[in-house]
1. Based on other C-beta atoms within 10 Å, arrange A:Ser97, A:Ser264, B:Ser360 from fewest to most.
2. Which whole-angstrom value gives the distance between the alpha carbon centres of region A:151-176 and region A:269-318?
3. Please give the calculated 222 nm ellipticity per residue for the protein assembly as shown, where each DSSP H segment of at least 4 residues contributes -39500 (n - 2.57) and the sum is spread over every residue; nearest 500 deg cm²/dmol?
4. For the protein assembly as shown, take every pair of Cα atoms, bin their distances at 10 Å starting from 0, and report each bin as a whole percent.
5. Note down the magnitude of the dipole of region B:242-320 about its Cα centre, charges +1 on Lys and Arg C-beta and -1 on Asp and Glu C-beta and zero elsewhere, to the nearest 20 debye.
6. I'd like the FRET efficiency for A:Asp254 and B:Leu68, computed as 1/(1 + (r/R0)^6) with the beta carbon distance as r and R0 of 51 Å, rounded to 0.05.
7. With the crude spin-label approximation of a point 7 Å out along Cα→Cβ, what separation in nm comes out for A:Leu52 versus B:Ser342?
8. Could you work out how far the C-alpha centroid of region B:279-296 sits from that of region B:94-172, in angstrom?
Amino acid sequence: MGALRAALGDAMRTDPKVLVMGEDVGRLGGVFRVTDHLLAEFGPQRVLDTPLAESGIVGTAIGLALRGFRPVVEIQFDGFVYPAFDQLVSQLAKIHSRSAGRLTVPVTVRIPYGGGIGAIEHHSESPEALFAHVAGLRVVTPATVADAYTMLRQAIACPDPVIFLEPKARYWDTAPFAAPTAPFATPVHQASAPSLAAPAEPGSPPPPEAGAAWTELNRARIVRPGGLVTVATYGPALAPSLAAAEAAAAQGRDVEVIDLRSLSPLDVETVAGSVERTGRLVIVHEAPVFGGIGGELAALVTQRCFYRLEAPPVRVGGWHMPYPPAKVERAFLPGPERIGQAIDQVLEY
Amino acid sequence: MPTGPSVPVLQVLAPDGQRNDASAEPAEAAYLAALTPQRMVAMYRDMVIIRAFDREATALQRRGELGLWVSSLGQEGAQIGSAHALSPQDYAFPAYREHGVVAACGIDPANIFAMFRGVDHGGWDTEAHRCHTYTLVVGGHVLHAVGYAMGEALAGQPDGPHGGAVIVYLGDGAMAQGDVAESLVFAASYQAPVVFFVQNNGWAISTPTEAHVRVPLARRGEGYGIPGRRVDGNDALACFAATSAALDAARSGRGPGIVEAVTYRMAPHTTADDPSRYRPASQEQAWAARDPIIRLERHLRQIGALDDVAKAAIDAQGDAAAAHARAACLALGPPSVDGLFSRVYATEHAQVAADAALWSAHRPPVGARCRPPPKPPHNLSRCPPPQARPRRIGTKPTPPPRRLGLPPHLRSAWWGRCGRRWAMRCGPTRKCW
């Protein structure tokens, strides 16, 4: 959360055209306090407490972007984004194409998503596949504190509309983040840090201006190197995947874990490169499996690595049901145990 | 006309062309007083030209040159009158029937054909002409206009270089959309310099306005804190005056406004529509008597600003515009498919790049025909035409047993054990050998 707040503040300081807008983002600092203190620093001209109307927020953000601003929109919860669906799908995604490339709409839409926090209905959903399916939108999701800062800066700098999904279960992750940190200067996929958050090295050089390195937003990252099975995951499912990998390591099974980071476009090269080595792929996400990101990734990897695959790719995700009540959400979410079973399953072939 | 409480209507020109400024409010009266005959003739000329263009477009659709056409017939007064109120720093967001507004913004209306001919989704240089593209989702663009106006207010001082206002065109049907309700909330909340120009043309395709509007649309803004004004939409001067006053209020920081122009869609909703299924022809005839062009022409003749010679010259300009539109339409060829890939994102996207590579690998070579060439005419001398098969009587004969490919002694290296050509069925791995 601190990393996101710092990223927003730094982006606003760097570029006077960056605006933050959404429900309760100003005086309250957002329901998760991600935008805390921004109103005090930048004033109501740049931190807009909007009326309670998601379509209105996204629609007016499009208008502001057409006028030359870079709005960063906060949607309060994943389940509340659907009233804005038409503006996101029919307008935000298509204006660049509709105008034959003359107009760009650099809107960043921040959406807290995912479950695991004991919330009521509509507050724990994973709508990423709905947006990844739409040409014209980029969909990214950080899973670590360090990525939260870097990727939000990159998303704001990106000239395309970006759906920025924040795993809300990670909001209270207090790992130190590097602001600014190496990924601004070096390709992210090379900086395969084994730990979740790489603390900033003292005296590290300041980053180049945001905008120069936003292309790194597209890259997946090998979070935990291994050689036996590839586990591709993202967002809130990274932590349980890493836990499952540790448990497998205790049994002498060397599991590689990849954080996809970008869901549109998908960095197939990184995953396929890993599967070329391991021959086995497990895909983990919180969203229900059917019609999800996992199916797309499985198809793409199978197409590239068919002769190298030792087992069919296995997907682990939520069940095909509306997100369940909080008391039983652990039965819905893919935990280390189910991920471990999937690893066993692909090793049985 | 909506039912419910009535509201005063601004009408400057009666259908017989008589001018009376009495119903104008002071701000509107000032603009009316400043109207020169030359300006009124310019409005008249624009209306004649856009009607000629629109008629030509409908004809082009009937000839199959356009896939669809959305006629602006009958709404020229509302469109040209309001568009003439725009200053160079203002910005217009049309819906999809505002051909008059597009032309008044300096855009060659033939550009509109690109989207209706299936060549483009609609594009002109929006910034140069201060006019956004058409938006087909009804009401979807109204929020963009409000956001743009919020940006105008944020970007500069009211009397600075960015002191423009925004006008957004919508209709009686769009007023039912949730996005329009949210637009009104946002516009009022931020006092955005935006004018909602509502062309109440009586029909949302087949739904009459009175079926879903209980209080005049000019009063729709009251609960939001947005003042409204109803004008005779077939009176270009009234539309000009009311829009000018509303834009002036917006520019000077007095917030948004609604102008409801009561007009009539003389044509079908689109060329795919059939109004005879839902409205009587007598209604159309009644509105034809209130035609905006005839009305202004009568007035201009009354004040001596237009005579037969000048009218003939303007009509000739309309004919020339129609001829130009026709030629421009026919010159529009299919777009480059390669170009479609490059405009999805402003930056590179791996999936688009992969799809573009697939397309360039599989597309036909340049100059190749999409269809196979027609077969040569039947050569009767070499091959007699097939005759009707004799009708079979009795039981169906059992077919001879099917053989799997050639007998073994005739199999060559081209055939697999399954009896089929390996190259076709078994792939390069030759698994059936």
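Each value in this text was obtained by applying a stated rule to the coordinates, not by laboratory testing. All values derive from a computational prediction rather than experimental measurement. Cβ coordinates were reconstructed from backbone atoms using ideal geometry, including for glycine residues, and neighbour counts include every protein chain displayed.
1. Going from sparsest to densest Cβ surroundings: B:Ser360, A:Ser97, A:Ser264.
2. 24 Å
3. -10500 deg cm²/dmol
4. Over the protein assembly as shown, the share of Cα pairs per 10 Å bin runs 2, 12, 19, 19, 16, 13, 10, 6, 3, 0, 0 percent.
5. Magnitude of the dipole: close to 360 debye.
6. For R0 = 51 Å, the calculated efficiency reads 0.25.
7. 4.8 nm
8. Cα centres, region B:279-296 to region B:94-172: 28 Å.
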